[in-house]
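Input: a single structure, listed below in structure tokens.
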Amino acid sequence: MTPRDPHEAGRAASTLELFFDLVFVVAVSAAAAQLHHGLTEGHVLDAIANYGFVFFGIWWAWMNFTWFATSFDTDDWLYRVLTILQMGGVLVFASGIGPAFEEHDYSVLVIAYVVMRGALVAQWLRASRLSGPTRRATLIYATGIALVQVLWLVSLLLPSGLFTVALIVLVAAELIVPIVAERTGTTPWHPHHITERYGLFTLILLGESLLASANAIIEAQGDVESPGRLIGIAALTLVATAALWWIYFWPPHHHAIGDVASSLAYVYGHFFVFAAAGAFSAGIEIEIDVLTGHTALPYASFAYTIPLAVFVLGIWALAIRPHADYVVNTALPLAALLVLIDPLIPVPFALTAVILAGAVAVLVWRRVRE
């Protein structure tokens with residue numbers, strides 16, 4: 001398992017990586033559904049906190065596998081088996097999302113997470129044998145990840161109050177491991193491969209919003225009082241989702257990960273982009289509930305405008321701002337702000353779609369600067 005050439009021509013996502021992504025469709029869908037239910041029931045802060053923790057586990061497991069693969073993917077039988085083991089951990093993780101939201105029982109989540117991370121430790125130990133100048137970094141990854149997983153298991157023995165504190169500390173510890181490892185011996189990464197993988201995961205998350213659009217049409221077929229409004233929500237959701245896709249893929253993302261510092265900013269910043277994309281679908285489901293009379297949640301429209309604003313601002317800051325002119329760099333933050341405050345206007349979603357379409361029109365008008 002020697003390091004892969006970061007300048008390898010034609011490097012693209014493998015079929016194993018695409019197969020690996022499928023289990024995250026399940027996990028993301030479960031997290032978005034639980035966020036929807038929690039917000040609908042009025043447990044706003046609790047639902048957001050749980051969603052943040054759960055989505056961290058989803059994002060961090062996916063991200064760590066992706067960056068390891070860009071450096072050391074050999075696609076031999078053992079690599080495949082260990083990857084499939086991580087996939088099994090993701091599926092078990094997804095089954096524990098419900099108890100985490102409903103009963104604050106994180107035992108299944110933590111155990112499944114440790115299984116995923118344990119398989120990755122084995123991969124890093126394999127890589128350390130023949131990794132040359134990056135050997136020290138691979139050993140720090142393996143040791144750091146393993147130590148944190150032991151602490152995750154220990155945290156299950158703590159009372160609920162202390163577990164919350166431990167959760168915050170251990171999330172910080174997870175985030176620190178790559179920073180320490182990469183500063184001691186940078187592992188090679190392929191910019192085009194990495195950004196392709198991030199784009200593919202973005203498509204998975206946007207697919208959840210398209211599912212919400214389809215659900216609005218399904219609800220409209222059985223609703224005799226407001227079918228027009230539900231079909232309108234479905235159409236506007238499609239417009240908004242298409243706008244997010246257009247905005248995300250407008251800039252050359254591979255330029256955003258030129259060195260360790262910029263790569264870490266891109267990686268960690270994407271947590272907010274990805275989490276917002278997943279939460280957008282939950283916000284649409286809440287809007288459907290409002291129209292069908294299943295909830296009377298005050299200012300329900302913020303459930304989708306906040307994720308939209310975070311997504312647009314996140315991508316602008318991470319990938320668009322350095323490659324855009326003053327027009328784009330003014331229009332996108334302004335669009336995000338207008339979307340954020342849109343629920344204060346009588347027809348929020350229709351105006352949100354118009355604002356996002358306007359942002360796309362600006363991108364079409366102004367060419368990206370390479």
*At a Förster distance of 45 Å, what's the computed FRET efficiency of Val169 paired with Ile345, Cβ-Cβ distance as r, to 0.05?*
0.60
*Points 7 angstrom from Cα along the Cβ direction at Thr330 and Trp246: gap in nanometres?*
2.1
*Taking the alpha-carbon centroid of each part, what is the distance from the stretch 30-96 to the stretch 283-319 in angstrom?*
22
*Taking a label point 7 Å from the Cα of Ala265 along the Cα→Cβ vector, which residues of the stretch 180-198 have an amide N closer than 13 Å to it?*
none
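Please work out whether the stretch 118-230 counts as rounded, prolate or oblate from its C-alpha gyration tensor, where a ≥ b ≥ c are the square roots of the eigenvalues and a/c under 1.5 means rounded, while otherwise a/b larger than b/c means prolate and anything else oblate?
oblate
Over the residues of the stretch 91-158, compute the C-alpha Rg and express it relative to 2.2 N^0.38 Å.
Details: Rg = 14.7 Å, N = 68, 2.2 N^0.38 = 10.9 Å.
Normalised Rg, Cα atoms only: 1.35.
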*Among Ile176, His323, Val312, flag the residue with its Cα farthest along the positive direction of the charge dipole of the stretch 174-333, charges on Cβ as +1 for Lys/Arg and -1 for Asp/Glu.*
His323
*Using 0.36 nm per residue, how much length does the chain from Val364 to Val44 gain when fully extended, once their Cα-Cα distance is taken away?*
111.5 nm
*Interatomic Cα distance distribution for the chain, bins of 10 angstrom, percent*: 5, 23, 31, 25, 13, 3, 0
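With a 1.4 Å probe and every protein chain kept in, tell me what percent of the accessible surface of the chain is carbon plus sulfur.
On the way: 11020 of 15700 Å².
The C+S portion of the solvent-accessible surface of the chain is 70 percent.
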*Ellipticity estimate at 222 nm from DSSP helix runs (n ≥ 4, -39,500 (n - 2.57)) divided over the chain, nearest 500*: -26500 deg cm²/dmol
*Given the protein chains as shown and a 1.4 Å probe, how many square angstrom of Ser14 are accessible, to the nearest 10?*
30
*Zone of Ser107's modelled label, taken as backbone nitrogen in the stretch 132-163 under 14 Å from a point 7 Å along Cα→Cβ*: 153-160
*log₁₀ I(q)/I(0) of the stretch 1-52 at q = 0.20, 0.30 Å⁻¹, via Debye over equal Cα point scatterers, no solvent, to two decimals?*
-0.74, -1.06
*Could you order peptides 192-198, 336-342 by the average number of other Cβ atoms within 10 Å of their residues, highest first?*
192-198, 336-342
*Could you calculate the contour length gain from Trp77 to Leu162, that is, 0.36 nm times the residue separation minus the distance between their Cα atoms, to one decimal place in nm?*
26.4 nm
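The values are calculated or read from the model by the stated rules, or taken from the named source; none is laboratory data. Please read these numbers as outputs of a predicted model, since none were measured by experiment. FYI the Cβ positions are ideal-geometry reconstructions off the backbone, even for glycines, and counts take in every protein chain you see. Only protein heavy atoms, including side chains, enter the accessible area calculation; ligands, DNA and RNA are left aside. Shrake-Rupley method; radii C 1.70, N 1.55, O 1.52, S 1.80 Å.
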